[in-house]
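The next block holds one structure in the form of structure tokens; read it before the comments.
Please treat every number below as a calculation from the coordinates, not as lab data. Owing to the predicted nature of the structure, the values given are computational and were not obtained by experimental measurement. Cβ coordinates were reconstructed from backbone atoms using ideal geometry, including for glycine residues, and neighbour counts include every protein chain displayed.
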Amino acid sequence: MQTTEVTLERAVKILVSWSWRMMVLMLPVMIITGVLMFFIMPTPEPGATPEEIQKNMPLGPFFIMWFLMMFGGILAHAISIQWLMKVRWSDFHLVAVESSRKTE
């Protein structure tokens with residue numbers, strides 16, 4: 001297999017290709033977590049001070065939402081990289097090559 005240099009033009013192609021894939025994959029994650037946040041989190045009373053609002057916010061739902069957003073984001077990143085590795089541009093494509101390490 002012949003290797004080639006990642007020029008600035010190729011780096012931009014890779015970045016743009018990865019970016020739009022991430023946006024497509026993160027959209028469902030954002031919609032799902034947004035809807036869940038709307039139903040899980042309590043609505044503050046009109047006229048409540050920031051201190052009162054903070055006191056009434058439970059930590060459990062915050063942790064659940066944080067976990068779902070982190071898990072969804074990491075999963076979307078991994079899938080987008082897998083998807084990106086299958087792309088073939090006109091003059092190159094990306095491959096993962098097992099490295100051969102010498103042990104001394």
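For residue 41, nonlocal amide neighbours, meaning residues 5 or more places apart or on other chains whose placed amide H falls under 5 Å from its own, do not occur.
Do you know the relative contact order of segment 8-86, to the nearest whole percent, from alpha carbon pairs under 8 angstrom that are 6+ apart?
Values: 30 pairs, mean separation 44.5, N = 79.
It rounds to 56 percent for segment 8-86.
Given (i) 1.06; (ii) 1.43; (iii) 1.68 as candidate values of Cα Rg over 2.2 N^0.38 Å, which corresponds to the one derived from the coordinates? Among (i) 1.06; (ii) 1.43; (iii) 1.68, the one calculated here is (iii). When only alpha carbons are used to place a centre, segment 6-24 and segment 33-47 end up 36 Å from one another.
222 nm [θ] for the chain, helices only, -39500 (n - 2.57) per DSSP H run of 4+, per residue, to 500? Mind showing how you got there, number by number?
Values: 3 runs with 67 residues, N = 104.
Rounded to the nearest 500, it is -22500 deg cm²/dmol.
Only loop residues by DSSP count here, and only those with at most 13 other Cβ atoms within 10 Å; note down the GluC sites (Glu not before Pro) in segment 1-55 that meet that. Passing both the DSSP loop test and the Cβ count: 5. Considering only 89, 35, 15, the residue lying farthest towards the positive end of the dipole of the chain is 89, judged by Cα position with unit charges set on Cβ.
What the phi angles of segment 43-48 give under the Karplus curve with 6.51, -1.76 and 1.60, with θ = phi - 60°, is a coupling list of 8, x, 6, x, x, 6 Hz, glycine and proline written as x.
Return the loop-located trypsin sites (Lys or Arg not before Pro) in segment 20-94 (DSSP other than H, G, I, E, B) with at most 16 other Cβ atoms within 10 Å of their own Cβ; answer none if there are none. Don't skip to the answer; put the middle values down first.
Details: sites: 21, 55, 86, 88; in loops: 86.
Of the trypsin sites (Lys or Arg not before Pro), the ones in loops of segment 20-94 whose Cβ has at most 16 other Cβ atoms within 10 Å are 86.
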